[in-house]
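Written out below as C-alpha cells is the structure these notes cover.
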Amino acid sequence: MAFQIKDGQRYIPYEERTGNESIVYFTRDISPAGIIKIYERIKSTISGKVALKLHTGEPNGPNFTPAAWVKEFMEKELPDATIIETNTYYQGDRYTTEQHRETLKINGWTDFTTVDITDEEGTTMLPVEGGKWFTEMSVGSHLPNYDSMVVLTHFKGHAKGGFGGSNKNIGIGCADGRIGKGMIHAGHGSDWGVVEEELMEKISESTKATIDYFGKKVTYINVMRNMSVSCDCEGVGAAPVTTPNVGILGSVDILAADQASVDMIAAMAPNFRHDLIERIQTRHGYRQLSYMKELGMGNNRYILIDIDNDDQRIVAADAVKDVVPFVR
C-alpha cells in the first residue's frame, strides 16, 4: 500500500470543522472527586463486567494518574471493575508479564486491586472496519471477557504520537505487546517502524477495533494534569512539565474528548502551549484527530458543558478559551 503523507502538522480551527456536535463535560477539579463528577455524567451505558483502561506507568513515574486517585474512584463508582493493561513492545520494566507485575507493585496498584494483563495468556484478533492499513488488530486474549470499558487517560505529550489521549491509550494500550504493537510500529521508517501520518492512522485503526467491539458501552475521561511532552512510558526520564494543569474532560465520543483536550492546549498563551504544541506538530499528531473523523469514530465539533458553573454550555468556536483564562 502506498504511503501518502497527510497534513498532520496542521491544527484545524473550530470554524473550519463540519458535522454534528457531541457533548464534552469539563471540570477544573483535578482530583479523585473531579474524576467522579465527570464519570457521573457519562456512565449511563456502562454495565456488566467493566474494564478500566489506564496507563499504570513505568517504575516511580512522576506524572501518571496516581494509584490512590484511581482507588478512590473505583471504590465510589466501579467497585467490581478490573484495571486492564498489556505488556510493552519495547524492552524494559513492563516487557514481560513478570516484569510488568513487579512494576505494578512498585507503583502501588497491587495495594488495592489486581490488574489484568490481557495478553498474559495470548492474543485474539478484532476486526477493523473501514481501515486502510488493517483488516484486523491483535489484542490481549482477555479483552473480550469484558462487557464495558471505561477509558481513564492521563492526557500528555508522546515521543512518537505527538500527544497521548484516549486514542493512544486504547490504540497502543489494548494492542498486545508483541503482535498488535508490532503491527502498528512495522512499516516505513526505522526498526521501530512507522512515522508521522502512517503511525497516527495505525493507532487510530487499532483503537477502532476495540471501541467497535464494545459499541456504546465505552466512555472516555481525559485528565489534563502533569502534561509533559513525554509519555508515561518514559517514567522518571520524562521531560519536565511546562504546560499548566487544566482540568478533566469526559465524553462518550472519543474524538470529541481528544479534540477538546487539544483545543484547550491550543487556547493557551504561546509561552504555556509552546512545548506541547511543538511536540504535536513535529510528530504530525493532529493526524490522529482528522483520521478518527474520517473513520467515523466521532465528532470534532462539540458543546462543552462546564459543570463547575451550573452546566454552562459553551458553544462558540473558540469557547475553550473561556475555561482556561488563567493561562491567557
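The values are calculated or read from the model by the stated rules, or taken from the named source; none is laboratory data. Please read all numbers here as calculations on a predicted model, not as lab measurements. For neighbour counting, all protein chains shown are included, and Cβ atoms are generated from backbone atoms with ideal geometry for every residue, glycine included.
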Residue in region 234-249 that is closer than 30 Å to VAL218 by Cα, part of a helix (DSSP H, G or I) and more than 15 Å from the chain's Cα centre (by Cα) present: yes
Out of the residues in region 70-80 that are more than 19 Å from the chain's Cα centre (by Cα) and of a type outside the set (Asp, Glu), which is farthest from ARG225 (Cα to Cα)? PRO79
Quick one: which of GLN91, GLN99 is farther than 17 Å from THR153 by Cα and modelled with pLDDT of 95 or more? GLN99
Determine which member of the set ILE83, ILE35 is at negative phi, in a helix (DSSP H, G or I), at pLDDT 95 or above and within 18 Å of the chain's Cα centre (by Cα). ILE35
In the set ASP232, ASP212, which member is of a type in the set (Asp, Glu) and surrounded by 21 or more Cβ atoms within 10 Å (Cβ to Cβ)? ASP232
Given (1) loosely packed, with under 14 Cβ neighbours inside 10 Å; (2) among the basic types (Lys, Arg); (3) not in a loop (DSSP other than H, G, I, E, B), where does ARG10 come up short, assuming only one miss? (3)
Residue check for GLY296: modelled with pLDDT of 95 or more, under 30 Å from ARG94 (Cα atoms), not hydrophobic (A, V, I, L, M, F, W, C) and not in a helix (DSSP H, G or I): no
Take region 245-260 and flag every residue that is under 21 Å from PHE64 (Cβ atoms) and surrounded by fewer than 24 Cβ atoms within 10 Å (Cβ to Cβ). ASN245, GLY247
Can you tell which of LEU54, LEU78 is aliphatic (A, V, I, L, M) and in contact with a Ser or Thr (Cβ under 9 Å, 6 or more places away or on another chain)? LEU54
In region 232-248, residues that are touching a strand residue (DSSP E or B) at 6+ places or on another chain (Cβ under 8 Å) and either acidic (Asp, Glu) or farther than 23 Å from ASN271 by Cβ (or both) total 2
Of all residues being free of Cβ contacts under 8 Å to residues at least 40 places away in the same chain and closer than 30 Å to ARG225 by Cα in region 108-157, which is surrounded by the most Cβ atoms within 10 Å (Cβ to Cβ)? Just the residue, please. ILE117
So how many residues does region 38-78 have that are of a type in the set (A, V, I, L, M), within 21 Å of THR118 (Cβ to Cβ) and outside any loop (DSSP other than H, G, I, E, B)? 6
Here is a check on your reading of the model: is ILE265 part of a helix (DSSP H, G or I), in contact (Cβ under 8 Å) with a residue 12 or more places away in the chain, among the β-branched types (Val, Ile, Thr) and surrounded by fewer than 24 Cβ atoms within 10 Å (Cβ to Cβ)? no
Give me the pairs, please: first residue somewhere in region 31-43 and in contact (Cβ under 8 Å) with a residue 60 or more places away in the chain, second residue anywhere and assigned to a helix (DSSP H, G or I) and of a type in the set (Val, Ile, Thr), beta-carbon distance under 9 Å, and either six or more positions apart or on two chains. ILE35/VAL70
Among (1) within 20 Å of the chain's Cα centre (by Cα); (2) under 19 Å from ILE170 (Cβ atoms); (3) small (Gly, Ala, Ser), where does ALA67 come up short? (2)
When the residues of region 300-322 are narrowed to those that are surrounded by 22 or more Cβ atoms within 10 Å (Cβ to Cβ) and not in a strand (DSSP E or B), which ends up modelled with the highest pLDDT? ASN300
